[in-house]
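*Asks:* Structure below; questions to follow.
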Amino acid sequence: AQSVSQHNHHVILSEAASLELGCNYSYGGTVNLFWYVQYPGQHLQLLLKYFSGDPLVKGIKGFEAEFIKSKFSFNLRKPSVQWSDTAEYFCAVNPTGTASKLTFGTGTRLQVTL
Amino acid sequence: KAGVTQTPRYLIKTRGQQVTLSCSPISGHRSVSWYQQTPGQGLQFLFEYFSETQRNKGNFPGRFSGRQFSNSRSEMNVSTLELGDSALYLCASSLSLQRGIRVDTQYFGPGTRLTVL
C-alpha cells in the first residue's frame, strides 16, 4: 500500500519569505500526485497536480511543485508567501490507472506572519 | 458549474444511532469518493462509487456503507455510531473518464461535520 509523508507539521514564515514544503511517497509504480490546500473554514481546494510530462508543475496562486522520481518526492514551493497563504497543505497520491482513491499526507500547517 | 454539495453541513447524534449523509457531485462527474477527516488520523479514504457500484474501499468497518444513484448522487451511512466517528466527512467527485482516458482529479465538497455524543 502506498503512503505519503509530510515531514513539516507546522511552518511559520514571515510575509515575502520563500516556502518549500516536503512530500515523499512510497509506491513502486507510477503515480498521480496532488497538492491540496485547506484555508481556515473552507473546503479542500486543488493547488496543482502531476499526471505525466514536465516534472515541474505550476498551480494556482503562484505555487509550483517538482516531481523527482528518483527521490519519490513532490515538494511544494512558492518564492514569496503572503499572509493569505495561511492554511493547511496536503500532499496526496494515487497510483496511475487506479480508481479515485487518494492517500493523503498528514498535512502541513502554514502560518504566515505580517 | 456548481461545485460538490453536501448535506447536511452539521449533524449531532448520540451513540448507537445511525446517520445518512448526502453528496451531489459536480455535473457530469461519475465518480464519488468519501473521506473521513479527524485531527488524529487525518484524511482517510472510505470508499468510491462509480456507475452505482463500489469501485474501491478503504479500511473501515462494515458500519460504514454507501451507495450511488443513477444520477451519480451518493449517500453514506454509518450505523451504530461510536464516539470515535465524530469527524468531518468529505465527499469528492471526479470525471473519472474522458475519451477513455482516466482523469481522476478529485474536487471536494465542504463536508459534513458529524458530532457523536
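The values are calculated or read from the model by the stated rules, or taken from the named source; none is laboratory data. All values derive from a computational prediction rather than experimental measurement. Quick reminder, even Gly has a Cβ in these numbers, built from the backbone with ideal geometry, and neighbours come from all protein chains shown.
*Asks:* For region A:69-114, enumerate the residues that are basic (Lys, Arg), more than 25 Å from B:GLN44 (Cβ to Cβ) and buried (at least 19 other Cβ atoms within 10 Å of the Cβ).
*Replies:* Matches in region A:69-114: A:LYS78 only.
*Asks:* Now, a different point. Within region B:2-20, can you find the residues that are surrounded by 11 or more Cβ atoms within 10 Å (Cβ to Cβ) and within 15 Å of the chain's Cα centre (by Cα)? Can you show your working first?
*Replies:* Step one: of region B:2-20, the residues surrounded by 11 or more Cβ atoms within 10 Å (Cβ to Cβ) are B:3-9, B:11-13, B:15, B:17-20.
B:GLY3, B:VAL4, B:THR5, B:GLN6, B:THR7, B:PRO8, B:ARG9, B:LEU11, B:VAL19, B:THR20 - these are the residues of region B:2-20 that are surrounded by 11 or more Cβ atoms within 10 Å (Cβ to Cβ) and within 15 Å of the chain's Cα centre (by Cα).
*Asks:* Taking the condition of being under 12 Å from the mean Cα position of the chain (by Cα) and more than 11 Å from chain A (Cβ to nearest Cβ), how many residues in region B:37-71 meet it?
*Replies:* Adding up the residues that qualify gives 5.
*Asks:* Here's a check for you: in region A:22-36, which residue that is under 19 Å from A:TYR89 (Cβ atoms) and assigned to a strand (DSSP E or B) is modelled with the lowest pLDDT?
*Replies:* A:VAL31
*Asks:* May I ask you to verify whether A:GLY41 is within 12 Å of chain B (Cβ to nearest Cβ) and under 13 Å from the mean Cα position of the chain (by Cα)?
*Replies:* Working: within 12 Å of chain B (Cβ to nearest Cβ): yes; under 13 Å from the mean Cα position of the chain (by Cα): no.
So A:GLY41 does not fit the description; no.
Here is a yes/no grid of residues against (1) touching a residue at least 60 places away in the same chain (Cβ under 8 Å); (2) at negative phi:
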{"site": "A:GLN6", "(1), (2)": "yes, yes"}
{"site": "A:ILE12", "(1), (2)": "yes, yes"}
{"site": "A:ALA16", "(1), (2)": "yes, no"}
{"site": "A:ILE60", "(1), (2)": "no, yes"}
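*Asks:* Looking at B:GLU82, B:GLU75, which one is under 30 Å from A:THR96 (Cβ atoms), at pLDDT 95 or above, away from chain A (no Cβ under 14 Å) and out of contact with any helix residue (DSSP H, G or I) (no Cβ under 7 Å at 6 or more places or on another chain)?
*Replies:* B:GLU75
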